[in-house]
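Here is the structure we will look at.
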Amino acid sequence: MKLRIAHALQAALVVIVIGGGFGARAQNSTGAGPPASIPTFSTEDIARTGFFYVGGHYAGGAGKEVMDGAEYVEVMVPKKIRRAWPIVFLHGAGQTGTDWLQTPDGRPGWAYYFVKQGYVVYMVDYPARGRSAYVPDIDGPLTIRTAPVLEKIWTNLTELGDWPQAKKYTQWPSDAPNKGKMGDPVFDDFARTQVQFLQGENQDKLNLNAHIALLEKIGTPVILITHSQGGGFGFQVADARPNLVKAILTAEPGGPPIQTVDPAKQEYTGKPNFLWGVTSLPVKYDPPINDAKELQVELEAKPDGPGLVPCWLQKEPAHKLVNLQGIPVLEVSAEASYHRVFDSCDAKWLSQAGVKTTYVKLEDVGLTGNAHELMLEKNSDGIAKFFQSWIEKNVK
């Protein structure tokens with residue numbers, strides 16, 4: 001018996017020594033960490049992080065219920081909270097909350113920039129997108145952008161862009177000979193982040209319900225930073241819960257009002273677009289209206305300059321966006337983007353409707369050569385710094 005115990009102790013000692021030695025080697029070996037080809041960066045400014053879901057409802061027949069319309073949310077809390085209002089990021093079409101985490105060339109994204117400034121930040125994946133469930137029989141048809149489309153509209157503009165401003169593009173974050181094209185490692189990593197997304201109005205409705213739930217769960221007023229498709233979603237939730245939104249900073253929001261535009265021709269296509277002005281869903285106007293057709297609109301006699309379209313505006317006296325009038329808005333437009341053709345029309349509509357709106361062409365504040373994906377480009381931190389300076393001046 002004593003001999004068996006002694007042998008067992010010896011075996012245990014061997015296991016401990018071997019195990020301890022293996023652990024030390026694993027910790028000290030350079031091979032244990034990720035290779036240089038996998039981008040990493042410090043998160044030392046973050047005290048806590050987590051994720052949760054908001055919104056959603058059970059759908060389907062009895063015994064076949066599924067949760068539909070829920071939204072994934074990620075939160076980061078700085079080590080020292082120095083700002084009174086959290087930031088909520090709303091991303092664009094075909095994209096997810098990863099837009100705010102990291103640039104395609106591996107630099108920290110805007111989420112980390114604003115955490116460093118002392119903000120609590122929230123990032124979402126829209127319902128039926130990314131880490132938020134898509135229910136095939138309920139949510140509707142999906143689409144996804146092809147790589148050639150990404151090249152033409154966002155990354156290889158100097159060769160493929162067919163609107164006047166495209167040749168000014170300089171900020172794609174790659175030095176590859178084929179930068180901005182398939183085969184450029186940075187482009188390929190960017191293309192990997194693009195996901196399928198819903199077509200039609202159902203995305204708007206799902207988002208509005210989820211975003212209301214998010215703001216109510218946070219419980220304190222927030223600053224919205226929105227991009228592209230997220231622009232309309234930001235105005236929708238601010239209209240629904242104006243007491244929970246302190247300011248909106250929107251980077252090239254979806255638009256323009258009333259009709260879509262062909263940027264190559266700088267002409268309206270006749271296809272309806274944002275019939276409520278800055279959203280696809282109803283928002284509150286004064287005098288009140290029950291249907292977007294009650295907005296009397298007219299086209300400006302001429303655009304503000306070459307390469308632009310004239311804007312659809314309301315006939316005076318204009319209905320006012322009463323729930324947005326107490327919320328300051330910054331809209332920025334990138335120098336080389338196809339959005340430049342019509343971006344000012346969103347700001348004009350908001351201003352005419354009584355919303356305090358600042359419209360900034362980024363080159364006018366020294367941020368030149370950007371296209372639509374400005375939070376992912378070379379000077380992304382410079383744009384974030386401009387946003388922060390605007391917040392300090394305009395959000396009391």
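Rule-based calculations on the coordinates, nothing more; no lab input. Computed from a predicted structure; not experimentally measured. Please note: Cβ atoms are built from the backbone with ideal geometry, for glycine as well, and neighbour counts cover all protein chains shown.
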Per-residue counts of other Cβ atoms within 10 Å, averaged by peptide: what ranking do you get for 78-86, 122-130, 186-194, 322-330, highest first?
122-130, 322-330, 186-194, 78-86
Given the chain, longest segment not containing exposed loop GluC sites (Glu not before Pro) (DSSP; at most 15 other Cβ within 10 Å):
66-200
Listed by chain and number, the residues whose amide H is under 5 Å from that of ASN379, excluding neighbours fewer than 5 places away on the same chain and using placed H, are none
Using the Karplus equation 6.51 cos²θ - 1.76 cosθ + 1.60 (θ = phi - 60°), what ³J(HN,Hα) coupling, rounded to whole Hz, does each residue of the stretch 46-59 give in order, writing x for Gly and Pro?
8, 8, 8, 8, x, 9, 7, 10, 10, x, x, 7, 7, 9
Cα-based Lys pair tally, the stretch 325-396, threshold under 20 Å, eight or more apart or on separate chains
9
Distant-in-sequence amide H partners of GLY92 (H built 1.01 Å from N, under 5 Å)
GLY230
Other-chain or far-sequence residues with amide H under 5 Å of ALA47's (modelled H)
VAL77, LYS79
Sequence neighbours fewer than 8 away in the same chain don't count; with that in mind, list the aspartates and glutamates whose C-alpha is under 15 Å from LYS64.
ASP137
Just how many pairs of Lys in the stretch 74-181 have C-alpha atoms closer than 25 Å, counting pairs that are eight or more places apart or on different chains?
10
Per-residue HN-Hα couplings for the stretch 174-190, Karplus 6.51 cos²θ - 1.76 cosθ + 1.60 at θ = phi - 60°, whole Hz, x for Gly and Pro?
8, 10, 5, x, 9, 4, x, 10, 3, x, 5, x, 5, 4, 4, 5, 4
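Please report the antiparallel percentage of DSSP beta bridges with both residues in the chain, rounded to the nearest 5.
Within the chain, antiparallel bridges account for around 55 percent of the total.
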Two-decimal Rg to Rh for the stretch 175-280 - Kirkwood Rh, Cα set
1.07
Scalar couplings 3J(HN,Hα) for the stretch 143-159 by Karplus 6.51 cos²θ - 1.76 cosθ + 1.60 (θ = phi - 60°), nearest whole Hz, x for Gly and Pro, are 9, 8, 7, 7, 4, x, 5, 4, 4, 5, 9, 10, 10, 10, 6, 5, 9
Measure nothing fancy, just the Cα-based angle from helix 202-218's long axis to the longest principal axis of the chain, in degrees from 0 to 90, nearest 10.
60
